[in-house]
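Heads up, the thing below is written out as structure tokens.
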Amino acid sequence: MTKVPDQPLARIAICCSGGGYRAAAFHLGAMAYLDRVKYRGRPLLENVKAISTVSGGTISGVIYALQKQDGHEFQQIYHFILDKLRSLDLIKMGLASLNPEHTWSNSRKRKNLINAFAEIYDKEFTEGATFSVFDDMSTSHLEEVMFNSTEFNHGLIFRFQNTGLFGNRYNNVRRAAAREVKLADVIAASSCFTGGFEPIEWPDDFLHDHSPSMREDTKKWEKVGLMDGGIYDNQGIDSVIRSEARADSKPFDLIIVSDVTSPYMDNFIFHEDKGESGPRGLSFNELRDRISLSWSKYIWILRVLVVLGFVIPFSVGYSNHVVTGLGLMLAAVAGLLMFGLHLLRKRFQSLLKEGTEYLWSKLPLFYRQKLSTLDIGRLKFGRLEPLIIDRVSSLFTLVMNVFLKTVRRLVYGRLYRPEKYRYRRMSNLIRELTEEDYQQQLERGRKDPHYYQNLPGCDPILIGEYQKVFGEGIKEVAEKAASFGTTLWFTADDELNEMLDQLLASGQCSMCFNLLTYLTELRHSPDNGYAELSQEIRNHIDALWDQCKKDWLSFRKDPHFMVKELATNRNSTQS
């Protein structure tokens, strides 16, 4: 029988998933709630000893860890991150950095979008800080930081961390070189999602003016493209499990997984066959013939204009007359247009031929042999359209849904299948306060004796149908937050809809609710050893429960009450 930890909540690890600004804001809200509630007389957030982040979660994670090292209080960090999320349009700034006149602070970096973002992160978020800030963690409650990316040579995780292996077994980075890595480049590598960015190259894109150890070790490492940590593990769970497995490590009493990714997939929709009417009724060959006919027609028109330009002046005997000038000008303009169009056509034909031959040469021999039996030029566009769109859509679905959802299930399985983690794990999911998710959990829970609502002693405020437990206000916040896409900016419309506040409130409400359900399982699961804990520990856990219950009732009345409180506290401090 699995027992509760000897010191519940004493050592916590938090995993912050990827998901762009949605993740950064949601995780910030979740951490804000951990900072709000007290355990043994201090904020529960201060019991977090390890943080493992991916992609958008790395934005908040790196800034938080850095500023804690600098001695900042949570509310200072909270408002710093919040201000940056509100004010920075990273896409606009990053694209502007690619203009020829823009001067880069690090001339060694290749001029691409991900490095443009790294430059912005360095200026706006981390102010030139390197991993050396984590040499001594004594000024922070954190002991371990783990920021995760994926390398594209071997398909393995590449970790930026202050303990354990920095990099991976193919690029084992010694500590002297690791401490020179800029935190801005760490954020860029972790949040470099496929499709939106090109890879950032290790080690060349990480070199800077103050990295002598890195330059010394460059020849020892293989060059590798780094991209979004979510490709390998979008929740950061793997790094925490590996941390526990180290010989000199202490187990965590609780592993919190804060996650904004959805476990669901939309049904694959086949492209609608729209027939062969209009342009869809043409083939490549027919379109080419039509263009050729049109080309011939316009060339003949220009030829006629040239002839007219020379003939018209005959009416005045080619004398010094305005008619002569107009006629010759018409002939000259028409002739130049005809010559220019001829050159343009030749160039276009040449480029089209070269491009077709290049693409054909890149196809594997197998496909070239098989495709040679298909006369694509004779297929109508109406028939080609579903062939192409269904293939592209299925490829996108495979990469962005099937693959990532499968990886998500496998990674979660490592934490939720082993019985040893039963009382040492807690999820904080952006969707679980939505009505759809709650109803699904309720149906499954009715068959599970370990489900929190089935435990004797579960508080009535957690039992019942959706509207009884959550209410309309939380429903609105949860559904708006869950519907927000994965982006690295907030648009004007998002600001008008207060999307950032919705995400913060969602993170706060979710963390409060999940602490309540976790504490219910801890306190009321039969034969789990909770009764054997000291009375002092149980009293502290009871006090934490009371705080969370009180806050949950407040969230039900106004899901934004905590967002408003933090804003009010800031304004009163500034005034």
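The values are calculated or read from the model by the stated rules, or taken from the named source; none is laboratory data. This one's a predicted model, so the numbers in the text were calculated from it and none came from an experiment. In this analysis, Cβ positions are derived from the backbone assuming ideal geometry, glycine residues included, and neighbour counts consider all displayed protein chains. These area figures cover heavy atoms from the full protein model, side chains too; ligands, DNA and RNA do not enter into them. Shrake-Rupley method; radii C 1.70, N 1.55, O 1.52, S 1.80 Å.
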Worksheet, complete the sentence: For segment 425-575, Rg(Cα) over 2.2 N^0.38 Å is 1.17
Response to the item:
Expressed to two decimals, segment 240-319 has a Cα Rg over Rh, using the Kirkwood radius, of 1.68
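Students often check this: by mean Cβ neighbours within 10 Å, which of 546-555, 146-155, 214-223 ranks highest, and how do the rest follow?
Output ranking for 546-555, 146-155, 214-223: 146-155, 546-555, 214-223.
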Fill in: Cross-link table 38/68; 84/564; 68/405; 92/480, entries beyond 22 Å C-alpha to C-alpha
68/405; 92/480
Discussion item. Helix-only mean residue ellipticity at 222 nm, the chain, DSSP H runs n ≥ 4 weighted -39,500 (n - 2.57), per residue, nearest 500. What is it?
Written reply: -16000 deg cm²/dmol
Worksheet item: Averaged per residue, what accessible area in Å² does the chain show with a 1.4 Å probe, protein chains only?
Response: 49 Å²
Worksheet item: Across the Cα atoms of segment 173-327, what radius of gyration and what greatest pairwise Cα-Cα distance (Dmax) are found, in Å?
Response: 34.3, 105
Discussion item. Amide H of residue 429 versus every other amide H placed in the peptide plane: which residues, excluding those fewer than 5 positions away on the same chain, fall under 5 Å?
Written reply: 259
Item to complete: Let me know the charge dipole size of segment 1-124 about its Cα centre in debye, to the nearest 20, where only the beta-carbon of Lys, Arg (+1) and Asp, Glu (-1) is charged.
Response: 320 debye
Worksheet entry | For q = 0.11, 0.14, 0.21 Å⁻¹, Debye-computed log10 I/I(0) when each Cα of segment 316-422 counts as one equal scatterer | -0.74, -0.88, -1.18
Worksheet item: So what are the radius of gyration and Dmax for the Cα set of segment 257-297, in Å?
Response: 21.8, 68
Worksheet item: Which aspartates and glutamates have a Cα less than 15 Å from the Cα of residue 182, not counting those fewer than 8 places away in the same chain?
Response: 119, 122, 124, 127, 135, 201, 204, 205, 209
Discussion item. For the chain, give me the percentage of DSSP beta bridges that are antiparallel, rounded to the nearest 5 percent.
Written reply: 45 percent
Worksheet item: By the scheme Lys and Arg +1, Asp and Glu -1, what is the net charge of all other residues having a beta-carbon under 14 Å from that of residue 156?
Response: -2
Fill in: For segment 1-46, alpha-carbon Rg over 2.2 N^0.38 Å
1.43
Worksheet entry | Alpha-carbon Debye profile of the chain, log10 I(q)/I(0) at 0.05, 0.10, 0.11, 0.12 Å⁻¹ | -0.32, -0.92, -1.05, -1.19
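So if the hydrodynamic radius of segment 152-238 is defined as the Kirkwood radius over C-alpha pairs, what does Stokes-Einstein give as its diffusion coefficient at 25 °C and 0.890 mPa s, in µm² per second?
Once the numbers are plugged in, D ends up at 186 µm²/s.
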Worksheet entry | Largest to smallest principal axis extent of the C-alpha atoms in segment 208-255, angstrom | 42, 28, 19
Practice prompt. Might you report the magnitude of the Cβ-based charge dipole of the chain about its Cα centre, with Lys and Arg at +1 and Asp and Glu at -1, to the nearest 20 debye?
Written response: 1800 debye
Practice prompt. Return the lysines within reach of residue 362: Cα separation strictly under 16 angstrom, same-chain partners fewer than 8 residues apart disregarded; answer none if there are no such residues.
Written response: 353, 370
Fill in: Peptides 36-46, 8-18 ordered by average Cβ neighbours within 10 Å, highest first
8-18, 36-46
Worksheet entry | Cα Rg, Dmax (largest Cα-Cα span) when computed across segment 95-179, Å | 15.3, 44
Worksheet item: Ignoring ligands, DNA and RNA, what percent of the 1.4 Å accessible area of segment 65-213 is carbon and sulfur?
Response: 49 percent
Worksheet item: In whole Å, how far is the Cα centre of segment 71-111 from that of segment 257-326?
Response: 44 Å
Worksheet item: Quick one: how many Å² of residue 358 are accessible to a 1.4 Å probe, rounded to 10?
Response: 130 Å²
Worksheet item: Taking all pairs of different Cα atoms in segment 1-117, averaging 1/r and flipping that mean, what Kirkwood radius in angstroms comes out?
Response: 16.4 Å
Worksheet item: Where the accessible area of segment 323-383 is counted over protein heavy atoms with a 1.4 Å probe, how much of it, in %, is carbon and sulfur?
Response: 69 percent
